[in-house]
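Q: Starting off with a structure, shown below.
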Amino acid sequence: MFRAEISQGTSLGRLVKPFVESGTLASDELVDAIVTHHLKRVDISRGYVLDGYPRNVEQATHLDRIAKLNLAIQIKISDKEAVRRLQGRLQCRRCKQVYHKTYAPPIKPGVCVICGGHLVKRADDTEDVIRKRLAGFHFMTEPLATYYRQRGVLLSINGEQAIPYVFEDILKKIRKLGFTE
Ligand SMILES: [Zn+2]
């Protein structure tokens with residue numbers, strides 16, 4: 001959502017750009033405004049998935065006011081594994097498709113399978129920036145798990161498994177809960 005606002009040159013995009021580039025977190029007000037903007041423009045009547053939002057309890061209460069949430073999925077991994085995975089992440093400069101050096105490599109090194117674009121490391125995927133993001137994550141996001149656990153909508157998944165198994169685990173558990181894909 002942030003990257004879409006930036007590439008479309010909206011006023012929200014101009015405000016959020018420095019945060020995306022430095023890997024720091026934007027204010028709740030700004031993030032909430034961007035999410036509200038997007039949820040209003042798309043059809044969510046048949047369901048929706050938000051990835052990486054809300055990040056804290058304040059944002060969760062904002063979301064409660066604008067849309068209905070049935071399930072919060074927490075994918076748990078250690079900091080060590082998070083650093084390892086993010087450092088190998090590559091992104092297509094043109095279409096923004098994400099790859100991983102080890103887990104999801106392109107067919108031809110450095111070249112996007114979809115559009116033939118050039119693959120680069122994201123500017124916010126250096127170890128220093130990742131560690132800063134993780135510290136902020138633990139401080140703000142962990143109370144969020146408690147918030148959703150108390151409401152009975154939290155689903156915890158072991159993210160240390162290989163990525164296809166994480167996906168299978170999510171599918172298996174949401175089917176058990178009666179959701180359909
Ligand atoms: Zn591409």
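Q: Does the stretch 134-155 include one or more residues that are of a type in the set (D, E, K, R) and either touching a helix residue (DSSP H, G or I) at 6+ places or on another chain (Cβ under 8 Å) or farther than 28 Å from Ala60 by Cα (or both)?
A: No, the stretch 134-155 contains no residue that is of a type in the set (D, E, K, R) and either touching a helix residue (DSSP H, G or I) at 6+ places or on another chain (Cβ under 8 Å) or farther than 28 Å from Ala60 by Cα (or both).
Q: Looking at Lys101, Lys96, Lys108, Lys176 in this structure, which one is under 18 Å from the mean Cα position of the chain (by Cα) and of a type in the set (Lys, Arg)?
A: The unique qualifying residue is Lys96.
Q: Considering only the stretch 156-169, I want to know if a residue exists there that is assigned to a helix (DSSP H, G or I), under 22 Å from Pro54 (Cβ atoms), among the hydroxyl-bearing types (Ser, Thr, Tyr) and touching a strand residue (DSSP E or B) at 6+ places or on another chain (Cβ under 6 Å).
A: no
Q: Still on this structure, I have one more. Residues in the stretch 111-122: is at least one under 19 Å from Lys76 (Cβ atoms) and surrounded by 14 or more Cβ atoms within 10 Å (Cβ to Cβ)?
A: Among the residues of the stretch 111-122, not one is under 19 Å from Lys76 (Cβ atoms) and surrounded by 14 or more Cβ atoms within 10 Å (Cβ to Cβ), which makes the answer no.
None of the figures in this text is laboratory data; all of them are computed from the coordinates on show. Because the structure is predicted, anything quoted here is derived from the model rather than measured. For neighbour counting, all protein chains shown are included, and Cβ atoms are generated from backbone atoms with ideal geometry for every residue, glycine included.
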